[in-house]
Amino acid sequence: RLCRAMDWQVLTRELSLYLESQVRVGFFGSGVGLSLVLGFGVAYACYYLSSIAKKPQLVATNDSFCRFLEEYCPVVTETYYPTIWCWEGRMQTLLRPFITSRPLVQYRNELIKTADGGQISLDWFDNNDSLYYPDASARPTVLLLPGLTGTSKESYILHMIHQSEMLGYRCVVFNNRGIAGEELLTPRTYCASNTEDLEAVIRYVHSLHPSAPFIAAGVSMGGMLLLNYLGKTGRDTPLMAAAIFSAGWNVFESVESLEKPLNWLLFNYYLTTCLQSSISRHRQMLEKLFDMDLVMKARTVREFDKQFTSVMFGYRTIDDYYEDASPCRKLKSVGIPVLCLNSVDDVFSPGHAIPVETAKQNANVALVLTSCGGHIGFLEGIWPRKCTYMDRVFKQFVQAMFEHGNKIFSM
């Protein structure tokens, strides 16, 4: 019996190897398999080139601004080729933090006091080794505003600093209260509509280097905050220009998009837990004014904002807060050149909510809309470890403004 069993095992193994070899020869040796693979590859390439890789839509009512961008920031008129195996918006959004590299940046931290007794953490990259601008008093300064729960450690911020370093610029990152490890001295954090802290930071940075050209760049909620500030101040700002990336234009549309089942699973719940985590270590300070147990039960961003953010900043209802926080309502009042990059497949800022018609009514505003890219994604190349499309837009626009900004409305 043992011999028969061993013979059966040998026979089975030999038969299996024979069948595998026949299938391999029959499938690929006949050319059928190779043809199918090549056919699929050609079909996918045709679909990618016809439907995915496209030139962005440039929306700008001012012809001079358009010509300025075409000459000095040509990336906004070139075809954007998203990573061929990762072009869908959600995938781009999810993978960027894990795929992109994290350039090494040495910061100098500074805590500044606010009028209400609080403090704000600024992380400086002074770029004292700058070859292009050895005089610190004249070295161009870029103020960077991270997203909702982001800090100076985010990969997209590090890449912006890396691009600025190569151009010889100085950078300073505005960390929202209580986010970057500093203590919360008063029971107040931050929101997208209240620009008081940003105004204080801009005044302070400008006072340190009054002769230096000054630009700001905001990402996601940082972009919303910057737009709300610009809509409030008009031309009365020391900033000469601003760049906005993946801003949520209409908060009502943003939260509605994020509450769809798949988006809630992939983004909303995680973002809510990040918000709760950002305030949990300040619980002793905040529970003087809030029912923190109720805040910690929130399962969506809307619930968190209803129980915490809108209450903290004195709004009667959450709808009042969301209306005030939506930059689309202030875009007409922006008084300096602003370039805004969005992807129409961004679930955080749906394409239909981007204020294209409003932007056309302000000669200072240019929108760059890509068909793919997700939220702070914009991955490109086969293995997008380093520079993204967003990074290239940032670099070219900031350089264009610092070096040729006086030509923007005279071309």
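Of the listed requirements (1) touching a helix residue (DSSP H, G or I) at 6+ places or on another chain (Cβ under 6 Å); (2) part of a strand (DSSP E or B); (3) within 30 Å of Met285 (Cβ to Cβ), Gly147 misses just one: (2). Screening Lys297, Lys288, Lys306, Lys332 for residues that are assigned by the TED database to the domain that holds Arg235 and of a type outside the set (S, T, N, Q) leaves exactly one candidate, Lys332.
Considering only the stretch 177-186, I want to know if a residue exists there that is within 21 Å of the chain's Cα centre (by Cα), of a type in the set (D, E, K, R) and open to solvent by less than 10 Å² (accessible area, probe 1.4 Å). Yes, the stretch 177-186 has at least one match. Look at the stretch 140-169: where a residue is open to solvent by less than 20 Å² (accessible area, probe 1.4 Å) and a partner is acidic (Asp, Glu) and assigned to a loop (DSSP other than H, G, I, E, B), sitting 6+ places away or on another chain with Cβ atoms under 9 Å, you get Pro146/Glu154; Gly147/Glu154.
I'm checking my understanding of the structure. Among residues of the stretch 360-391 that are aromatic (Phe, Trp, Tyr) and at pLDDT 95 or above, which one is nearest to Val76 (Cα to Cα)? Before you say what the answer is, go through the steps one by one.
Initially, the stretch 360-391 is screened for residues aromatic (Phe, Trp, Tyr), giving 378, 383, 389.
From what's left, at pLDDT 95 or above: 378, 389.
Values: Phe378: 13, Tyr389: 9 Å.
Only one residue fits best here, namely Tyr389.
Screening Lys386, Lys395 for residues that are of a type in the set (D, E, K, R), closer than 30 Å to Ile52 by Cβ, open to solvent by 50 Å² or more (accessible area, probe 1.4 Å) and not in a helix (DSSP H, G or I) leaves exactly one candidate, Lys386.
Scanning the stretch 230-255 for residues that are touching a Lys or Arg at 6+ places or on another chain (Cβ under 9 Å) and either over 25 Å from Ala363 (Cα atoms) or surrounded by fewer than 24 Cβ atoms within 10 Å (Cβ to Cβ) (or both) yields a count of 5.
Among the helices (runs of 4 or more DSSP H) confined wholly to the stretch 226-300, which include 3 or more residues that are within 30 Å of Phe65 (Cβ to Cβ)? Talk me through it step by step, then tell me what you get.
Values: elements: 251-258, 269-280, 283-286, 292-295.
In the stretch 226-300, the matching helices (runs of 4 or more DSSP H) lie at 251-258.
Taking Leu111, is it part of a loop (DSSP other than H, G, I, E, B), open to solvent by 60 Å² or more (accessible area, probe 1.4 Å) and of a type in the set (A, V, I, L, M)? Spelling it out, it is not the case that Leu111 is part of a loop (DSSP other than H, G, I, E, B), open to solvent by 60 Å² or more (accessible area, probe 1.4 Å) and of a type in the set (A, V, I, L, M). Considering only residues in the stretch 198-213 that are in contact with a Leu (Cβ under 9 Å, 6 or more places away or on another chain) and open to solvent by 10 Å² or more (accessible area, probe 1.4 Å), the one that is farthest from Phe394 (Cα to Cα) turns out to be Tyr204. Condition first: in the same structural domain as Gly335 (by the TED database), part of a loop (DSSP other than H, G, I, E, B) and among the acidic types (Asp, Glu). Can you find one or more residues in the stretch 87-95 that meet it? Looking for residues that are in the same structural domain as Gly335 (by the TED database), part of a loop (DSSP other than H, G, I, E, B) and among the acidic types (Asp, Glu), one finds at least one in the stretch 87-95, hence yes.
Any residue at all in the stretch 155-163 that is under 16 Å from Met240 (Cβ atoms) and at pLDDT 95 or above? No, there is no match, as no residue in the stretch 155-163 is under 16 Å from Met240 (Cβ atoms) and at pLDDT 95 or above.
Checked against the criterion of being modelled with pLDDT under 95, within 19 Å of Thr370 (Cβ to Cβ) and not aromatic (Phe, Trp, Tyr), the stretch 26-43 has no qualifying residue.
Applying a threshold of 6 Å to beta carbon distances and a minimum spacing of six or more residues, or different chains, the list of pairs starting in the stretch 360-383 at a residue that is over 13 Å from Lys54 (Cβ atoms) and free of Cβ contacts under 8 Å to residues at least 40 places away in the same chain and ending at one that is small (Gly, Ala, Ser) and open to solvent by 10 Å² or more (accessible area, probe 1.4 Å) is empty. Taking the criterion of being touching a residue at least 40 places away in the same chain (Cβ under 8 Å), within 21 Å of Leu258 (Cβ to Cβ) and open to solvent by 60 Å² or more (accessible area, probe 1.4 Å), the only residue of the stretch 95-107 that qualifies is Pro97.
The values are calculated or read from the model by the stated rules, or taken from the named source; none is laboratory data. All of these numbers come straight from a predicted model, not from anything done at the bench. Please note: Cβ atoms are built from the backbone with ideal geometry, for glycine as well, and neighbour counts cover all protein chains shown. Side chains included, ligands, DNA and RNA excluded: accessible areas come from the protein's heavy atoms. Shrake-Rupley method; radii C 1.70, N 1.55, O 1.52, S 1.80 Å.
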